[in-house]
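Scroll down for the structure; my scribbles are underneath it.
The values are calculated or read from the model by the stated rules, or taken from the named source; none is laboratory data. Everything numeric in this text was worked out from a predicted model, so none of it was measured. A quick note on method: Cβ atoms are made from the backbone with ideal geometry, for glycine too, and the neighbour counts reach across all protein chains shown. To get the accessible areas, we keep the full protein, side chains included, count just its heavy atoms, and leave off ligands, DNA and RNA. Shrake-Rupley method; radii C 1.70, N 1.55, O 1.52, S 1.80 Å.
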Amino acid sequence: MTLPGGVGGGLLGVLLLACSDPAGPSLSDEPRLVLQIIPGSNWNNLPNDQATITAARIAGSTLHLTVQYGGGCNSHRFALVAGTSFGESLPLYTMLRLAHDGSRDPCEALITRQLEVDLSPIVPLVQQAGGSALRFDVVEPDGRVSSVGELLLTF
């Protein structure tokens, strides 16, 4: 099975129950976000304005991201999205996708922004699939796996 966005490799599709808008994620210009679980999401349809994740760490169930992008004139909105597939591994593995809408910002200043993402919505889904931890990579809006490396959420 292939993860949304064409990223694949021996994945076990696990049907997970989650409440979310099937039309897509809710984007926010706030620094605090909540992970959005979107079953059957097509990552190619997510906002994909360029943004680079320069640092990431987990504290408790919060993912702290440092993101850089060009702009400075318009509001920039973000969302972090998970699909419903886990890799066949222990701990379970998945990929999360950062969506970015730059509101057609014509400015070119290099903006560095801190985002905090509550990952707790995925915990019951991982537990339902028999896991007690989740390994994941974050995919940047252009489809590249972030260079910050694999992260581990334990609970």
Subject >> Test result for PRO141, open to solvent by 10 Å² or more (accessible area, probe 1.4 Å), touching a residue at least 60 places away in the same chain (Cβ under 8 Å) and touching a strand residue (DSSP E or B) at 6+ places or on another chain (Cβ under 8 Å) >> reply: no
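Being touching a Ser or Thr at 6+ places or on another chain (Cβ under 8 Å) and farther than 14 Å from ILE111 by Cα is the filter; apply it to the range 56-74 and report the residue that is most open to solvent (accessible area, probe 1.4 Å). Talk me through it step by step, then tell me what you get.
Filtering the range 56-74 down to residues touching a Ser or Thr at 6+ places or on another chain (Cβ under 8 Å) leaves 56, 61, 66-69, 74.
Right, trim to farther than 14 Å from ILE111 by Cα and you get 56, 61.
Values: ALA56: 30, SER61: 46 Å².
Out of the qualifying residues, it is SER61.
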Original post:
Quick one: in the range 75-121, which of the residues that are surrounded by fewer than 16 Cβ atoms within 10 Å (Cβ to Cβ) and within 12 Å of the chain's Cα centre (by Cα) is farthest from ASP49 (Cα to Cα)?
Top reply: ASP118
Original post:
Just to be sure, is GLY72 closer than 20 Å to ASP49 by Cα and either modelled with pLDDT under 95 or in contact with a Cys (Cβ under 8 Å, 6 or more places away or on another chain) (or both)?
Top reply: yes
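How about the range 21-37: which of its residues are touching a Ser or Thr at 6+ places or on another chain (Cβ under 7 Å) and in a strand (DSSP E or B)? So that I can check it myself, show each step before the final result.
Looking only at the range 21-37, we keep the residues that are touching a Ser or Thr at 6+ places or on another chain (Cβ under 7 Å), and these are 29, 36-37.
Listed by number, the residues that qualify are GLN36, ILE37.
Looking at the range 41-53, which of the residues that are in contact (Cβ under 8 Å) with a residue 24 or more places away in the chain and out of contact with any strand residue (DSSP E or B) (no Cβ under 9 Å at 6 or more places or on another chain) is nearest to SER85 (Cα to Cα)? If you could, list the steps in order and put the result at the bottom.
Going residue by residue through the range 41-53, those that are in contact (Cβ under 8 Å) with a residue 24 or more places away in the chain are 41-44, 46-53.
With out of contact with any strand residue (DSSP E or B) (no Cβ under 9 Å at 6 or more places or on another chain) added as a condition, the list becomes 42, 44.
Values: ASN42: 13, ASN44: 16 Å.
Within the range 41-53, the match that is nearest to SER85 (Cα to Cα) is ASN42.
Quick grid of which residues meet (1) outside any strand (DSSP E or B); (2) in contact with a strand residue (DSSP E or B) (Cβ under 8 Å, 6 or more places away or on another chain); (3) more than 12 Å from LEU153 (Cα to Cα); (4) in contact (Cβ under 8 Å) with a residue 24 or more places away in the chain:
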{"residue": "PRO39", "(1), (2), (3), (4)": "yes, no, yes, yes"}
{"residue": "VAL67", "(1), (2), (3), (4)": "no, yes, yes, yes"}
{"residue": "LEU80", "(1), (2), (3), (4)": "no, yes, yes, yes"}
{"residue": "LEU90", "(1), (2), (3), (4)": "yes, no, yes, yes"}
{"residue": "SER103", "(1), (2), (3), (4)": "yes, yes, yes, yes"}
{"residue": "THR112", "(1), (2), (3), (4)": "no, yes, yes, yes"}
{"residue": "GLY131", "(1), (2), (3), (4)": "yes, yes, no, yes"}
